[in-house]
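The values are calculated or read from the model by the stated rules, or taken from the named source; none is laboratory data. As the structure is a computational prediction, the values presented were derived from the model and not from experiment. All Cβ positions, even for glycine, are placed from backbone atoms using ideal geometry, and neighbour counts span all protein chains on display.
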Amino acid sequence: MITITLLAAALFFSGTALASNQVRFASVSWTGVTVKTELGVSILNSLGYDASKVTLSVPIVYSALATGDADIFLGNWMPSMETIADKFFKQGTVIKYVVNMPGAKYTLAAPAYVVDGGLKDFSDIAKYADKLEHKIYGIEPGNDGNQVIQAMIDTDMFGLGKFKVVATSEPIMLSEIKNLVQQKKWAVFLGWSPHYMNQIIDMKYLTGSTAETFGDNDGTATVFTNLRKGFTEEQPNVATFLKNFTFPITMMNEISQMLQDNSRMKHAEAGLIWLKQHPKIYRGWLDGVTTVDGQPALPVFESYLQSI
């Protein structure tokens, strides 16, 4: 399956690997990472680059970066991705590069009435196994959060040995949790911020995460931009852009809410509308950046932004 998926990624990007203006983003099917990636593609295309993206699972993203089949990944959530990403960082085939979003959160959560009912901590989950039907809701197969949960189950950490991970996708998981909340049933699920789930579900994050799970600071996360080896030397202008390309939590929460409020809105559309209203952000992103032919990037992007 990994070989097939990597072949698909290689075919998607085929014929352009040696082009000097080629920029290939790898993404995952999470709202926030998709917004960031679509914005990156839109901005670089407006500057004359041939930017594109392919959506993969987390493990395949790192294989694609390591083999040179992708250039950039904007969704390295740490510490939960350590078990997947660290070996590539240590090998030097993938570069951690820069923080693009500090102060995020990624850990187990539950509806507020569940936490108020006594399930406050990781160590409490097993006590309510029957109410939870021995399930913990994750997202797509291969996701790092799912792997953390599965490792807890496999080692019977917190007494979770008889539990199972429900692996689906971000939208399916959220739909299932919303249905359970409507019925006042108990559930534990992967939660993160920034994300509109924090507005549409009355939820609380569990305490008790450890360094071996979602980090020893109750799931506080830092999101990094990762690059394939050699990319900064080959594309110094894009590397400058990516160093500037950082995201306030408030920005991501507001764009996420826009997408929730209008299901027909595309991720790139929501991001660009938000940028029109917050020029200080994109002006910072384009500081010291040029178009592909060496002209100042800011007026070119602003002209593009006003045209859409």
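Okay, here's what the table says:
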quantity: Residue in segment 237-254 that is over 18 Å from Trp30 (Cβ atoms), without any contact (Cβ under 8 Å) to a residue 40 or more places away in the chain and among the acidic types (Asp, Glu) present; calculated: no
quantity: Every residue from segment 152-194 that is within 21 Å of the chain's Cα centre (by Cα) and hydrophobic (A, V, I, L, M, F, W, C); calculated: Val165, Val166, Ala167, Ile172, Met173, Leu174, Ile177, Val188, Phe189, Leu190, Trp192
quantity: Any hit, segment 281-304, residues being more than 27 Å from Ser20 (Cα to Cα), in the same structural domain as Asn45 (by TED's automatic domain parsing) and assigned to a loop (DSSP other than H, G, I, E, B); calculated: no
quantity: Test: residue in segment 111-132 that is charged (D, E, K, R), over 18 Å from Lys204 (Cβ atoms) and touching a residue at least 12 places away in the same chain (Cβ under 8 Å); calculated: no
quantity: Residue selected from segment 127-166 under the condition over 21 Å from Gly215 (Cβ atoms) and not charged (D, E, K, R), by the criterion modelled with the lowest pLDDT; calculated: Pro141
quantity: Selected residue (only one of Gly32, Gly40, Gly68 is outside any strand (DSSP E or B), surrounded by fewer than 21 Cβ atoms within 10 Å (Cβ to Cβ) and not aliphatic (A, V, I, L, M)); calculated: Gly68
quantity: Pair list, Cβ < 6 Å and 6+ apart or interchain, from segment 271-287 residues that are farther than 13 Å from Phe301 by Cα to residues that are among the aliphatic types (A, V, I, L, M); calculated: Gly271/Val35; Gly271/Leu39; Gly271/Ile255; Trp274/Ile255
quantity: Pair list, Cβ < 7 Å and 6+ apart or interchain, from segment 142-161 residues that are more than 16 Å from Asp216 (Cα to Cα) to residues that are in a loop (DSSP other than H, G, I, E, B) and not aliphatic (A, V, I, L, M); calculated: Gly142/Ser57; Asp144/Ser80; Asn146/Gly138; Ile153/Gly161; Ile153/Phe163
quantity: Cβ pairs under 8 Å, 6+ apart, first in segment 207-222 and part of a strand (DSSP E or B), second hydroxyl-bearing (Ser, Thr, Tyr); calculated: Ala221/Ser80; Ala221/Tyr106
quantity: Hits in segment 270-279 - residues which are part of a helix (DSSP H, G or I) and surrounded by fewer than 17 Cβ atoms within 10 Å (Cβ to Cβ); calculated: Ile273, Lys276, Gln277, Pro279
quantity: Residues that are assigned to a helix (DSSP H, G or I), of a type in the set (A, V, I, L, M, F, W, C) and within 20 Å of Asp218 (Cα to Cα), drawn from segment 92-141; calculated: Ala112, Val114, Val115, Phe122, Ile125, Ala126
quantity: Options Phe25, Phe73: the member that is at pLDDT 95 or above, under 22 Å from Leu275 (Cα atoms) and either surrounded by fewer than 20 Cβ atoms within 10 Å (Cβ to Cβ) or touching a Lys or Arg at 6+ places or on another chain (Cβ under 8 Å) (or both); calculated: Phe25
quantity: Residue count for segment 143-189, restricted to those that are in contact with a Ser or Thr (Cβ under 9 Å, 6 or more places away or on another chain), surrounded by 19 or more Cβ atoms within 10 Å (Cβ to Cβ), small (Gly, Ala, Ser) and assigned to a loop (DSSP other than H, G, I, E, B); calculated: 0
quantity: In segment 149-166, the residues that are of a type in the set (Val, Ile, Thr) and touching a Leu at 6+ places or on another chain (Cβ under 9 Å); calculated: Ile149, Ile153
